[in-house]
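Asker: One structure is given below, represented as structure tokens, and several questions about it will come after.
The values are calculated or read from the model by the stated rules, or taken from the named source; none is laboratory data. Quick caveat, the model's predicted, so the values are computed rather than measured. Methodologically, a virtual Cβ is constructed for each residue, glycine included, from the backbone with ideal geometry; neighbour enumeration extends over all protein chains shown. Quick note on the areas: whole protein, heavy atoms, side chains included, nothing else; ligands and nucleic acids left out. Shrake-Rupley method; radii C 1.70, N 1.55, O 1.52, S 1.80 Å.
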Amino acid sequence: QNLEEARQSAALVIADGHRAADIIGRIRALAKRTPPHKDWLDLNATIRDVLALVRSEVHRHGVTVETHLAADVPRILGDRIQLQQVLLNLLMNAIEAMRDTGAGPRTLWVSSERVAATEVVIAVRDSGPGFDPQQLDRLFDAFYTTKPHGLGLGLAISRRIIEAHGGRLWATANVPRGAVVQFTLPIGSEEGA
């Protein structure tokens with residue numbers, strides 16, 4: 001009965017289909033070790049876009065999101081689709097980790113920061129149970145998982161994407177509880193328009 005609403009729904013389905021095709025294509029290229037498709041992008045805008053994608057999961061699990069996005073973060077040269085997938089993976093891991101924490105606040109912090117003149121650091125912190133310190137070295141191994149139904153591929157693929165961009169990805173404990181997973185990306189020698 002509402003033709004305009006049906007058109008909007010169809011447009012969203014088509015957009016989601018195109019986004020899924022882009023993701024699959026970029027992950028296939030990564031598996032073939034093809035260099036990432038890089039464009040100048042605004043990391044803070046990319047973070048906000050991915051946070052919008054996980055909004056329903058945040059609400060469903062009663063998570064509070066806090067962002068600390070530095071204003072001086074320059075545009076970087078990167079593959080937007082691949083970097084969105086890294087952020088999406090880190091955010092969903094954090095949300096899932098807090099799902100079973102019981103009482104207490106469930107807070108997810110996302111930050112961006114320029115470090116000197118050479119790189120940007122993006123961090124995802126949660127108030128979940130954290131990682132076993134003895135397993136930190138294995139977190140990024142393919143097929144290693146801390147989830148009962150996990151495949152153990154998300155963090156391994158994420159690390160590969162970040163390394164293909166010239167950065168690094170690592171995890172530490174969040175004090176007083178939880179985990180911090182962060183990555184760096186290099187700042188290009190000149191910014192694009």
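Asker: Report every pair of residues separated by at least 6 positions or lying on different chains whose Cβ atoms are under 6 Å apart, first residue within the range 53-75 and under 16 Å from PRO105 (Cβ atoms), second of a type in the set (D, E, K, R) and open to solvent by less than 80 Å² (accessible area, probe 1.4 Å).
Answerer: As it stands, the answer is GLY62/ARG106; VAL63/ARG106, since those pairs meet every condition given.
Asker: What tally of residues in the range 55-71 results from selecting those that are at pLDDT below 90 and outside any helix (DSSP H, G or I)?
Answerer: Within the range 55-71, residues that are at pLDDT below 90 and outside any helix (DSSP H, G or I) number 2.
Asker: With the requirement that a residue be modelled with pLDDT under 90, of a type in the set (Gly, Ala, Ser) and closer than 18 Å to VAL63 by Cβ, what does the range 96-126 give you?
Answerer: Hits for the range 96-126 are ALA97, GLY102, ALA103, GLY104.
Asker: Which members of the range 56-79 meet the condition of being hydrophobic (A, V, I, L, M, F, W, C) and over 21 Å from PRO186 (Cβ atoms)? Explain how you work it out, then say what you get.
Answerer: Taking the range 56-79 as the starting set, the residues that turn out to be hydrophobic (A, V, I, L, M, F, W, C) are 58, 63, 65, 69-71, 73, 76-77.
Scanning the range 56-79 gives VAL58, VAL63, VAL65.
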